[in-house]
Structures are given as structure tokens and as C-alpha cells.
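The values are calculated or read from the model by the stated rules, or taken from the named source; none is laboratory data. In this text, all values refer to a predicted model and were calculated from it rather than measured experimentally. Backbone-built Cβ (ideal geometry, glycine too); neighbour counts: all protein chains shown.
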Amino acid sequence: MKSFEPEQFRRLFPLIVSNGASNLSVDKAPSLVYFDNAATTQKPACVIDCYRHYYQNFNANVHRASHNLSAKATTAFEQAREQVKHFINARSIKEIIWSKGTTESINLIASSLGQRVLSSGDELIITVSEHHANIVPWQLIAAKTGAVIKVLTLDKNGRVDLSDFDALLSHRTKIVCCAHLSNVIAKINPIDVLIAKAKAVGAITVIDGAQAVAHFPVDVQKLNCDFYLFSAHKMYGPTGVGVLYGKQLLLESMPPYQAGGEMIEKVSFNEATTFNALPFKFEAGTPNIAGVLAFSEALTFLSQYSTAQMRDYELQLTHYCYQALANISSVQFIVEQVADIPVISFTIKGHHNHDIATSLNSYGIAIRSGHHCAMPLMEYLQISGCLRVSMAAYNTIAEVDYFIRCLIKILEPESTDSDQISVKTNSAEKRHSNSEASTEIIAKLSQVKGWDARHREIMLLGKQLPRLDKTKRNDHTLISGCESLAWLMASKNSQGVYHFHADSDAKVIRGLLVIVLAALNDKTAVQIQSFDIDAYFSRLGLLQHLSPSRGNGVLAIVEKIKEITE
Ligand code: PLP
């Protein structure tokens with residue numbers, strides 16, 4: 001086993017090497033600091049190379065053919081299963097089912113186990129800090145079966161509250177679902193106690209290990225859980241591969257989830273179709289062979305290093321970053337005390353999460369803002385969202401220092417910039433013609449080089465947008481994006497000219513709204529419909545910064561304006 005040397009480890013990740021800098025400076029061109037590892041980690045070269053190697057040397061379907069190539073692929077594929085069995089200390093390879101990821105693993109259990117064990121009035125206990133992936137599949141099966149979901153709350157440190165668990169647990173409890181660690185709070189839940197208590201009333205335990213397996217060893221036999229689920233991509237492996245560990249007896253008792261090739265024993269129109277043995281009963285269709293082999297490569301890669309040393313290093317990063325953030329007076333941690341894995345969630349008083357995340361992005365720092373697929377937790381904590389820094393073993397103290405320097409710079413009171421672009425988009429008394437306003441914006445913004453500086457200009461532009469009266473920021477005018485709120489009001493005069501008022505809770509969105517309204521305000525329906533907004537954003541160099549899938553508010557507003565004027 002190699003001793004874990006952070007710098008050497010880091011050099012094995014091509015994306016980090018080619019985009020990160022060893023000499024980070026606030027005043028230099030931004031280079032990548034990747035702090036979104038709880039969403040997905042970067043991949044080492046050996047995992048990336050594995051794809052080419054597989055497709056070039058032994059691409060064939062598994063389990064189905066008698067030729068050598070298929071035998072070779074099948075052997076490697078099944079060896080990977082054996083490796084996962086050892087990785088989590090399962091009893092048998094029959095207990096290791098491949099899936100697309102944690103989400104699919106939970107959907108499989110909820111659907112298959114749920115239809116077998118749940119009936120009307122039965123109860124499921126789910127913690128309030130679960131990822132949506134460990135909530136919504138259960139809500140669907142509860143609606144189908146009439147089962148009732150009981151929500152387990154947290155103690156003051158953010159871990160599941162065992163006294164609340166005692167109060168919820170009863171002979172009606174059939175299933176208990178809990179994350180080993182929440183992807184926001186990142187404290188190890190007392191799942192050993194939870195599992196033992198659940199067992200005592202005969203309940204089945206489902207543990208979401210998505211955030212655990214990358215950071216410390218997991219022994220499913222020791223835990224004695226019934227199910228344990230995780231994704232390869234959060235532990236240096238590929239996307240599209242996950243694991244469902246389940247106790248053999250339970251898996252055998254469950255009906256198939258999806259049907260098709262591989263999961264059958266015999267198919268007939270004249271007698272009942274019968275199903276394959278475990279684990280194949282739950283693996284319908286051609287699996288993600290290349291992904292499974294790349295995951296095996298990731299496990300081999302990780303097994304070279306001392307887990308204890310890696311964990312020590314990650315905790316060092318966590319404590320360092322936590323302390324540095326704690327020194328900034330406006331930082332408010334989601335829960336007190338440092339996390340158990342390198343994930344730190346916080347908000348900043350007086351600042352919208354989205355503004356901080358986009359400002360950090362302009363320095364090359366990738367962190368996450370929003371609800372982190374844990375809306376019930378946000379509701380419980382009475383916040384709309386938070387910021388999350390999540391690190392991995394290839395991150396460095398220098399990166400934390402750079403992140404903190406940039407954050408402090410962002411939080412410095414803004415200077416009043418006399419050269420600021422001035423656009424009167426919404427002022428009723430002095431409206432520019434919109435072609436004039438949009439041309440002016442294009443001319444001014446194109447003089448500003450680099451996303452960093454352009455981002456600052458956009459934030460300044462946001463100041464020019466008149467606030468929509470509080471009473472008008474309501475459910476009727478709301479257009480919600482994922483990470484921010486935006487409101488829109490429209491009026492039309494007798495000449496068919498539309499006038500829009502828009503607002504947002506995020507400064508950056510307010511700036512972008514100025515840009516949008518400069519192009520679309522005070523125009524007729526025909527003019528609005530024919531305006532090429534994508535070309536406009538593209539000329540402004542904004543297109544790549546507006547993510548349609550995240551619906552960051554601006555695009556939703558553009559859509560709404562087009563819809564109103566259709
Ligand atoms: N559970 C937790 C705790 C997670 O953090 C995530 C992903 O962030 C998931 C489940 C879903 O994982 P995947 O998207 O890989 O299916």
C-alpha cells in the first residue's frame with residue numbers, strides 16, 4: 001500500500017492538472033478550484049483510460065455469448081462485482097446489484113420491496129435531511145399502497161434525533177430510510193443504533209451511502225443494514241454506475257423491478273415466465289459494462305492508498321476551511337461544529353447564495369448553491385437554500401486559502417464605479433428606445449474583458465433595476481428558477497406596446513434582467529417574438545453562463561415574456 005501524498009494524488013487527475021494552478025492569485029486569470037465534489041468527483045487518468053481500453057480490446061456483451069470476447073468481458077464484469085463485495089464486506093456477490101446510481105437503487109427498492117411489504121396504514125420513517133432521491137420514490141409507493149410516511153427530525157448537531165426515533169418507531173413501522181450522512185449537513189448519523197432499534201420492531205433498513213463511501217470504510221455486515229446504496233461517480237468512478245447492496249433473503253423475496261433480457265430464466269406464452277437467480281433478477285437489459293469496469297478501476301486505484309491517511313488529510317482540509325470561514329463574521333453555518341466529511345454548508349448574512357456562488361465562479365471557484373436536492377431539510381432549517389463547499393482528497397490548503405481570499409474580496413463593500421454602464425430600462429419618464437439600450441449594453445459589455453470583470457459589471461447593472469414593490473412580489477408574479485426567485489409584471493398600451501417590470505432576489509439575476517429588458521421592453525409582440533435572444537446573449541458572451549437546465553430565473557423570464565406576447 002502506498003502512503004497517501006496529496007500532491008502526488010492530485011497529479012493523477014487530468015482535469016485538475018490542466019485547469020488548476022499551483023500558484024493561485026486573486027489578481028490573476030481564474031483557474032479552476034473544484035469544490036463541488038459532493039455532486040461528483042473528478043476522475044483519475046486510469047479511470048478515463050479504462051473506457052478506451054475496454055472498447056478497443058474486449059468490447060462484447062456480457063453473459064450472453066459463447067465466444068471468447070464475451071467471456072473476457074463477462075469475467076472482468078463479474079470480477080468487478082466481486083471487488084464491490086469486498087469493498088463493503090457483503091456476504092455474497094448475489095447481494096450486489098448494479099444500477100445507474102443511488103437514485104435508481106432506491107427506486108428499485110421502493111418499488112419492488114414497497115409493493116411486497118407495504119399496505120394501507122403501514123408506516124415508513126424517513127429522516128428530514130434526506131436527499132430527494134431517498135424521499136420521492138417512497139412518496140410514490142406510499143401513495144400507491146396507502147402507507148404513511150413519518151418524518152424523523154434532527155438533534156441540535158444535525159444528526160438524526162434518536163429520541164424522536166424512539167417516539168416514531170412502532171410495530172406499524174415497516175421501513176426506515178436514512179442517509180449515512182446528509183449531503184448538506186455531512187455529519188455521520190448514528191445508523192448502527194438506528195438499525196438495531198429498527199430491527200427490534202422488525203422494520204427493514206435502507207441506508208443511503210452516497211456521501212459516505214468516498215470518505216471512510218463501510219462494512220455492511222457489521223452495520224447489519226438490509227440495504228445500502230451508493231454511486232460510483234462520487235468516489236472517483238464514472239457516472240451512470242451505482243450499487244444496490246441488499247440482504248440475499250430479502251432480495252430473493254422481492255419481485256423484479258424492470259423486465260427484459262438477462263433477468264429471466266424462461267419466457268413463454270404458454271406458461272408463467274420465470275426469473276433468473278440473484279443478482280441477475282434485478283439487472284434487466286445490457287448493463288453499463290464499460291462503466292462497471294471503470295468503477296472497478298477506481299476501486300483498484302483507491303485501494304492503493306491508506307484509507308486512514310486519506311481520511312486524515314480530508315479532515316485536515318475540513319477543519320482548516322471551517323475555521324477560516326468561521327473567522328468571517330457574516331458566515332452562518334447550517335449546523336454548528338465541523339462536519340465529518342469535507343462538506344461545509346453555510347449562508348452569508350445579507351447576501352443571496354446565488355450571488356456568492358456566481359461571484360466565486362468568476363474567480364474559477366466551483367461551489368454549489370441552492371437547496372441541494374434537500375428541500376424538506378431547507379424547510380426544516382427555515383432557509384431557502386445554502387452554499388456548499390465540498391472537497392476531495394485532491395484539494396489543497398492553498399485552494400482553501402484562495403477561496404477564502406476571493407470570498408473576502410467579494411464581501412468587501414462595493415466601490416461606486418463612475419464608469420458604470422447606465423441603462424434606463426424601466427424608468428417610465430426616460431425610456432431609451434430598446435434597440436438603443438441593447439446596442440449600448442452590447443457596446444459597453446464587449447469592452448469588458450473576461451467573465452470575472454463582466455460578472456462584476458452585471459452585478460452593478462442590477463443596481464439600476466427599480467425594485468418591484470414588495471406587495472407585487474407575490475405568487476402571481478413569481479417565476480421560480482432553481483437557485484433564485486424572479487418576478488415579472490407586464491402591461492400593454494393601446495398601440496400594442498408591452499412594458500415589463502421585473503425583479504429578483506439575486507443581484508446577478510437583477511443585472512441580467514436589466515440586459516433582458518433592454519432588449520425586450522417597450523416593444524410590440526411581433527418585435528419581441530422575432531428578437532433573437534440567444535444571439536444577443538451570445539454577443540454579450542453570456543450564453544455559456546446561463547444554464548437552461550437549472551432555469552436560473554433569467555431564461556424563465558425570457559420564456560414568460562415570449563409566452564405573454566404570443
Ligand atoms: N443521496 C445522497 C445523499 C446524495 O448526495 C445524492 C447525490 O448527490 C444522491 C442520493 C443521488 O445520487 P445519484 O444522483 O448518483 O443517483
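Return the pair list, or none, for Cβ contacts closer than 7 Å from residues in the range 442-454 that are over 13 Å from Phe537 (Cα atoms) and not assigned by TED's automatic domain parsing to the domain that holds Asp355 to residues that are crowded, with 16+ Cβ neighbours inside 10 Å and of a type in the set (A, V, I, L, M), at least 6 apart or on different chains.
Lys444/Ile421
Does any residue in the range 116-138 that is basic (Lys, Arg) come within less than 8 Å, Cβ to Cβ, of a residue that is away from the ligand (no atom under 16 Å from the Cβ) six or more places away or on a different chain, and which pairs are these?
Here the result reads Arg116/Ser253; Arg116/Met254; Arg116/Pro255, each pair linking the range 116-138 to a residue that is away from the ligand (no atom under 16 Å from the Cβ).
Residues in the range 154-179 that are under 13 Å from Leu194 (Cβ atoms), in a loop (DSSP other than H, G, I, E, B) and in contact with a strand residue (DSSP E or B) (Cβ under 8 Å, 6 or more places away or on another chain): how many?
Residues meeting the conditions: 3.
From the residues in the range 176-211 that are crowded, with 20+ Cβ neighbours inside 10 Å and over 25 Å from Val84 (Cα atoms), which one is nearest to the ligand (Cβ to nearest atom)?
So the residue we want is Val184.
Within the range 460-483, is even one residue of a type outside the set (Phe, Trp, Tyr), assigned to a strand (DSSP E or B) and at pLDDT 85 or above?
Start the filter on the range 460-483 by keeping residues that are of a type outside the set (Phe, Trp, Tyr), which leaves 460-483.
Adding the requirement that they be assigned to a strand (DSSP E or B) leaves 478-480.
Then keep just the ones that are at pLDDT 85 or above; that gives 478.
Yes: one or more hits.
Go through the range 42-51 and give me each residue that's part of a helix (DSSP H, G or I) and surrounded by 18 or more Cβ atoms within 10 Å (Cβ to Cβ). Steps first, answer last, please.
Applying the first criterion (part of a helix (DSSP H, G or I)) to the range 42-51 yields 45-51.
Correct list: Val47, Cys50.
Pick out the one residue from Val33, Val26, Val17 that is farther than 30 Å from Ala147 by Cβ and in contact with a Gly (Cβ under 7 Å, 6 or more places away or on another chain).
After ruling out the rest, the residue left standing is Val33.
Just checking, how many residues over the range 218-251 are closer than 29 Å to Thr173 by Cα, surrounded by fewer than 23 Cβ atoms within 10 Å (Cβ to Cβ) and either under 24 Å from the mean Cα position of the chain (by Cα) or among the aromatic types (Phe, Trp, Tyr) (or both)?
1
Can you tell which of Ser345, Ser303, Ser362 is of a type outside the set (A, V, I, L, M, F, W, C) and over 21 Å from the mean Cα position of the chain (by Cα)? Steps first, answer last, please.
On the way: Ser345 fails: over 21 Å from the mean Cα position of the chain (by Cα); Ser362 fails: over 21 Å from the mean Cα position of the chain (by Cα).
From the options Ser345, Ser303, Ser362, the qualifying one is Ser303.
Just checking, does the range 106-127 include any residue being near the ligand (Cβ under 10 Å from one of its atoms), assigned to a helix (DSSP H, G or I) and in contact with a strand residue (DSSP E or B) (Cβ under 7 Å, 6 or more places away or on another chain)?
Quick first cut of the range 106-127, residues near the ligand (Cβ under 10 Å from one of its atoms) only: 106-107.
Checking the rest, the ones that are also assigned to a helix (DSSP H, G or I) come to 106-107.
Still in the list and also in contact with a strand residue (DSSP E or B) (Cβ under 7 Å, 6 or more places away or on another chain): 106.
Among the residues of the range 106-127, at least one is near the ligand (Cβ under 10 Å from one of its atoms), assigned to a helix (DSSP H, G or I) and in contact with a strand residue (DSSP E or B) (Cβ under 7 Å, 6 or more places away or on another chain), which makes the answer yes.
In the list His319, His351, which residue meets the criterion of being assigned to a loop (DSSP other than H, G, I, E, B) and closer than 29 Å to Val128 by Cα?
On the way: His319 fails: assigned to a loop (DSSP other than H, G, I, E, B).
Unique residue meeting the criteria: His351.
Tell me, yes or no, whether the range 52-64 has at least one residue that is assigned to a helix (DSSP H, G or I), more than 16 Å from the ligand (Cβ to nearest atom) and touching a residue at least 40 places away in the same chain (Cβ under 8 Å).
Checking the range 52-64: at least one residue is assigned to a helix (DSSP H, G or I), more than 16 Å from the ligand (Cβ to nearest atom) and touching a residue at least 40 places away in the same chain (Cβ under 8 Å).
Could you check, for the range 135-153, whether at least one of its residues is in contact with a strand residue (DSSP E or B) (Cβ under 7 Å, 6 or more places away or on another chain), within 16 Å of the ligand (Cβ to nearest atom) and assigned to a strand (DSSP E or B)?
So the first thing to find is which residues in the range 135-153 are in contact with a strand residue (DSSP E or B) (Cβ under 7 Å, 6 or more places away or on another chain), and the list is 135, 138-139, 142, 147-152.
Now restrict to residues that are within 16 Å of the ligand (Cβ to nearest atom): 135, 138-139, 152.
Still in the running and assigned to a strand (DSSP E or B): 152.
Yes, that holds for at least one residue.
Glu314: crowded, with 18+ Cβ neighbours inside 10 Å, of a type in the set (Asp, Glu), under 30 Å from Leu381 (Cβ atoms) and within 25 Å of the chain's Cα centre (by Cα), yes or no? Before you say what the answer is, go through the steps one by one.
Working: crowded, with 18+ Cβ neighbours inside 10 Å: yes; of a type in the set (Asp, Glu): yes; under 30 Å from Leu381 (Cβ atoms): yes; within 25 Å of the chain's Cα centre (by Cα): yes.
Considered against the rule, which asks whether it is crowded, with 18+ Cβ neighbours inside 10 Å, of a type in the set (Asp, Glu), under 30 Å from Leu381 (Cβ atoms) and within 25 Å of the chain's Cα centre (by Cα), Glu314 comes out as yes.
For the range 77-105, which residues satisfy the criterion of being away from the ligand (no atom under 14 Å from the Cβ) and farther than 17 Å from Leu250 by Cβ?
Of everything in the range 77-105, those that are away from the ligand (no atom under 14 Å from the Cβ) and farther than 17 Å from Leu250 by Cβ turn out to be Phe77, Glu78, Gln79, Ala80, Arg81, Glu82, Gln83, Val84, His86, Phe87, Asn89.
Could you identify the single residue in Ile207, Ile195, Ile191, Ile185 that is under 22 Å from the mean Cα position of the chain (by Cα) and without any contact (Cβ under 8 Å) to a residue 40 or more places away in the chain? Please lay out each step first, then the result.
On the way: Ile195 fails: under 22 Å from the mean Cα position of the chain (by Cα); Ile191 fails: under 22 Å from the mean Cα position of the chain (by Cα); Ile185 fails: without any contact (Cβ under 8 Å) to a residue 40 or more places away in the chain.
Result of the check over Ile207, Ile195, Ile191, Ile185: Ile207.
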